[in-house]
Each structure stands twice: as structure tokens, then as C-alpha cells.
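Beneath this line is the structure, given in C-alpha cells, with notes to follow.
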Amino acid sequence: MTKTAESAVADQPGLVLRDFGGGPFGIYIHVPFCATRCGYCDFNTYTAGELGTSASPQSWFEALRGELATAAEQFAGLASATPEVETIFVGGGTPSLLGGDGLANVLGAVRENFTLAAGAEVTTESNPESTSPEFFETLLAGGFTRISLGMQSAAAHVLKVLDRTHTPGRAVAAAKEARAAGFEHVNLDLIYGTPGETDADLDASLDAVLSAGVDHVSAYSLIVEDGTALARRVRRGELPAPDDDVLAARYERIDQRLEAAGLGWYEVSNWAANDAARCRHNLGYWDGGDWLGAGPGAHSHVGGVRWWNVKHPARYADRVALGGLPVAGWETLTESERYMERVMLTARLRTGLPLTDLAPDAKLAVDAVIADGLAENRHGNLVLTDRGRLLADAVVRDLLG
């Protein structure tokens with residue numbers, strides 16, 4: 001069942017929530033601000049010029065505090081007590097535009113309303129150009145435990161195609177600054193398959209990543225999203241669309257280099273130096289956990305109920321000011337939908353998908369993907385092979401019939 005709540009402030013998902021799902025509970029905070037818009041990005045983000053005077057970081061923060069307080073109040077009415085927060089992830093947008101003190105205040109707003117578990121993972125995304133040694137020192141002192149930096153590439157011409165503003169070496173320098181400040185867990189993001197990227201460019205990016213001493217790497221193939229500046233350039237013939245064969249070869253090269261350096265894959269697009277380096281917040285998503293998504297356009301999931309906030313920062317703030325959660329719509333997931341999502345997400349993990357979780361009518365598909373060399377039965381779990389990771393979406397489609 002899906003329901004919109006544009007006109008009824010009282011129509012809240014809290015009215016249909018029964019309890020938490022029993023797994024780890026996390027909080028995602030969406031910061032919608034960016035200094036410039038990257039050509040490939042279709043996230044819910046806004047530059048100062050796009051917002052004008054309709055919203056600001058201060059109005060966003062005040063609304064965020066209100067949303068967190070309301071959510072905590074609604075959760076308190078569930079059958080069991082609100083679980084402790086195991087993970088927090090501040091994403092965007094460009095959270096580092098808030099500065100170290102601003103991000104520390106965001107974490108403070110969470111602590112005002114929720115109890116953090118001992119050893120909670122607290123991550124923020126950061127743009128390399130809006131960081132400094134002092135920034136990282138402030139974050140560490142404020143309670144953050146993990147940094148995720150958007151590097152994308154070490155090649156200047158690739159960054160230009162992506163409309164990234166940081167200089168090629170800045171991401172590595174920022175990662176080293178974060179480590180020097182005392183952060184044990186630092187991630188670098190890569191994008192591969194950008195038009196004009198060569199094999200040598202990719203190797204240079206991997207050399208740079210490995211020189212930074214980080215314990216986590218995320219690598220994503222470039223996706224040309226409808227409505228983006230990049231999509232318009234591809235449509236006009238100014239840039240070629242990413243080539244699937246090239247993307248596959250690049251992925252294999254990334255995996256080879258990272259594995260050789262001691263960074264093992266644990267999700268199709270993520271590699272970590274050890275279990276402690278894995279992103280626990282994202283594992284919560286992939287393992288079907290519960291989370292509150294706060295901020296404009298953020299999505300939440302608790303006990304099989306999912307809801308999403310209004311997108312524009314000004315409308316988000318207005319809705320919070322009226323009382324209740326700033327919900328644009330919500331849905332109660334059916335058993336079939338929950339099964340589909342579990343297969344889609346868990347199959348991408350190195351730990352694999354328990355065969356006992358699959359429907360009886362999926363047995364023929366399981367036998368087929370194993371026979372095709374796309375997956376293996378490892379101790380009762382269906383685990384993708386190296387070739388299977390390249391075709392993960394196709395494997396999932398086969399399993400779901």
C-alpha cells in the first residue's frame with residue numbers, strides 16, 4: 001500500500017508503525033547543499049543560486065532538529081523501546097560545507113533525541129576541497145568515527161567531464177589529513193567508465209587511492225541518469241555513452257588491484273581492509289535493517305513501513321514547522337516486496353544469500369546460476385563468483401523469476 005501525504009500533516013507513518021524490525025537501527029541525515037552541481041548527479045541537492053533566499057543551512061538545521069524530535073516522540077509510542085542508534089551517516093549534497101562545527105552540531109541534535117550505542121559508527125561524506133586538518137580534528141573531537149571522501153578520479157580531464165571542482169591530488173591529501181587527525185576508518189569513492197577515461201587513467205587513480213592508506217574503497221560505474229547535464233551531453237553526441245565491455249574490464253582491474261593490496265570485496269561495489277573497516281551503516285540497508293532518514297527527500301524504513309520526506313528544503317522546513325513529520329508519502333511493504341528487496345540486496349554481499357531465504361520456486365533458478373558459473377553454494381549461502389559480480393543484476397532477475 002502506497003499513500004501520499006502532501007496535504008494532511010496528520011497523515012503520519014507513525015500511525016501505522018507497530019514496532020521495529022529487530023535489527024540494528026541507524027539514522028541517515030541528508031544535507032541538500034552543494035557549492036556547484038556535478039553533471040552526472042541526480043541527487044536531491046541545491047546550489048545557493050538555485051535556492052535563493054528560500055532556504056539556508058540555518059533554516060535546514062532548525063527544521064532537522066524539529067524532525068528528529070518528532071520522530072523520537074513517535075517512535076517512543078511503539079510496542080518496544082526505541083533501540084539505540086548503531087550507525088549515523090551524514091550524506092548529501094556536500095555535508096562538509098557545514099564545516100566541522102556545523103557537523104558537530106548535527107551530531108549533537110541526534111544525541112538530544114536518541115541514545116547512541118557504545119561504539120556507534122558515525123560517518124560523514126566530505127568534498128575534498130571543503131576539508132582541512134582543522135576540519136577533521138573538529139569532527140573527531142565531536143564524535144565522528146568515519147570519513148567518506150568523494151575522489152572519483154585522479155585524472156584532471158576525467159574530473160572535468162564529471163564537473164568535479166577538486167584538483168586531482170586533493171582527495172588523497174584530504175584522506176591523509178583525516179588519518180593524521182586520528183581517523184582509523186577513511187573511505188575514498190571512485191567512479192569508473194567516464195567518457196575519455198583510459199586504462200592508464202584508472203591505474204593512476206588506483207595508485208593514488210592505495211597511496212592514501214585508506215581502509216575502505218567504494219567504486220561505482222558511471223551511470224548516465226536522465227535529466228542530468230551529462231545525459232544531455234550524451235544525447236547531443238558530445239560524449240559517448242559508457243561501454244558495458246569497458247565497464248566490466250575496469251571493474252575487474254579495480255578488484256584485482258584492491259584485492260592484491262589487501263582490500264577485499266564485501267559488497268559488489270565496496271572493498272575493505274578488514275571487518276571493522278566495513279561500512280556498518282550501509283550493511284544495515286543491505287541486511288534489511290531499520291533506519292530513520294532525516295532531511296529533505298530522505299527515505300526511512302522501520303518495521304516494514306517506508307516513508308519519504310518532501311524534497312525542497314524550504315517546503316521541508318515549512319512542513320516541520322506545522323508539526324508532525326515532513327512526509328511526502330509512505331507505504332507498507334508487502335511480504336512479496338520485502339522478499340524481493342532481500343534478494344536484491346543480500347545477493348550482492350560476499351556473505352551471500354541464505355538458500356533457506358529463497359522461495360521454493362527459485363530452486364531451478366539457483367541451479368541455473370550455479371551451473372552457469374555465476375554463483376556458488378558456500379555452506380548454504382548463494383555467493384556470487386567473480387563473473388557473477390559482473391552480472392549481479394541479471395542473477396537477481398533470474399532468482400526473482
Check your understanding: In square nanometres, what is the average projected area of the Cα convex hull of the stretch 63-133?
Key -> 5.4
Exercise for review: Please report how far the C-alpha centroid of the stretch 356-401 lies from that of the stretch 139-187, rounded to the nearest whole angstrom.
Suggested key: 36
Check your understanding: Where does the stretch 326-386 land on Rg/Rh, using Cα atoms and the Kirkwood Rh?
Key -> 1.11
Exercise for review: Please report the Cα spread of the stretch 291-373 along all three principal axes, rounded to whole Å, starting with the longest.
Suggested key: 57, 22, 16
Study note, to complete from the structure: Taking the reciprocal of mean 1/r across every pair of different Cα atoms in the stretch 88-188, the Kirkwood radius in Å is 13.9
**Study point:** Approximate spin-label separation H299-E376, in nm, with each point projected 7 Å along Cα-to-Cβ
**Key:** 3.2
Review point. Spin-label point model (7 Å from Cα, Cβ direction): what's the M340 to E134 distance in nm?
Key: 5.1
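Probe of 1.4 angstrom, ligands and nucleic acids ignored: what's the accessible area per residue over the stretch 150-242, in square angstrom?
Working: 3780 Å² over 93 residues.
Heavy-atom accessible area per residue stands at 41 Å².
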Practice item. Enumerate the whole-percent occupancy of each 10 Å bin, from 0 to the last occupied one, for all C-alpha pair distances of the stretch 180-316. Key: 10, 29, 30, 27, 4
Review point. So how strong a dipole does the chain carry about its Cα centre when Lys and Arg Cβ are +1 and Asp and Glu Cβ are -1, to the nearest 20 debye?
Key: 440
Check your understanding: Looking at G21, H157, L353, which one has the Cα that reaches farthest to the positive end of the dipole of the chain (charges on Cβ: Lys, Arg +1; Asp, Glu -1)?
Key -> H157
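What is the ratio of the Cα radius of gyration of the chain to 2.2 N^0.38 Å, with N the residue count, to two decimals?
Details: Rg = 21.2 Å, N = 401, 2.2 N^0.38 = 21.5 Å.
The value comes to 0.99.
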Point to revise | Dipole magnitude of the stretch 195-255, debye to nearest 20 (Cβ charges: Lys/Arg +1, Asp/Glu -1, about Cα centre) | key: 400
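Of the DSSP beta bridges with both residues in the chain, give the percent that are antiparallel, rounding to the nearest 5. Present the calculation step by step, with values, prior to reporting the outcome.
Values: 26 of 60 bridges.
Rounded to the nearest five, the antiparallel share is 45 percent.
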Revision key, fill the gap. Packing-ranked peptide list from 30-38, 194-202, 332-340, highest mean Cβ count within 10 angstrom first, is 30-38, 194-202, 332-340
Study note, to complete from the structure: Debye calc, one equal point scatterer per Cα of the stretch 11-124, no solvent, log10 I(q)/I(0) at q = 0.19, 0.21 1/Å comes to -1.07, -1.20
Review point. So what is the orientation-averaged projected area of the stretch 115-254, using the convex hull of its C-alpha atoms, in nm²?
Key: 9.6
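Net charge within 12 Å of V217 by Cβ-Cβ distance, Lys/Arg positive one each and Asp/Glu negative one each, not counting V217 itself? Walk me through the numbers before you get to the answer.
Numbers: positive: R257, R278; negative: D189, D215, D255, E259, E267.
Overall, the nearby charge balance is -3.
When N counts the residues of the stretch 255-326, how does its alpha-carbon radius of gyration compare numerically with 2.2 N^0.38 Å, as a ratio? Walk me through the numbers on the way to the answer.
On the way: Rg = 17.6 Å, N = 72, 2.2 N^0.38 = 11.2 Å.
That ratio works out to 1.57.
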Exercise for review: For the stretch 152-208, just the Cα set please: Rg and Dmax, both in angstrom.
Suggested key: 12.0, 37
Review point. Remind me, what semi-axes does the stretch 288-338 give for its equivalent ellipsoid, largest first in whole Å, using sqrt of 5 times each Cα gyration tensor eigenvalue?
Key: 23, 9, 9
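The values are calculated or read from the model by the stated rules, or taken from the named source; none is laboratory data. Everything quoted here is computed from the prediction, not taken from an experiment. Reconstructed Cβ throughout: ideal geometry from the backbone, glycine too, with neighbour counts over all protein chains shown. Quick note on the areas: whole protein, heavy atoms, side chains included, nothing else; ligands and nucleic acids left out. Shrake-Rupley method; radii C 1.70, N 1.55, O 1.52, S 1.80 Å.
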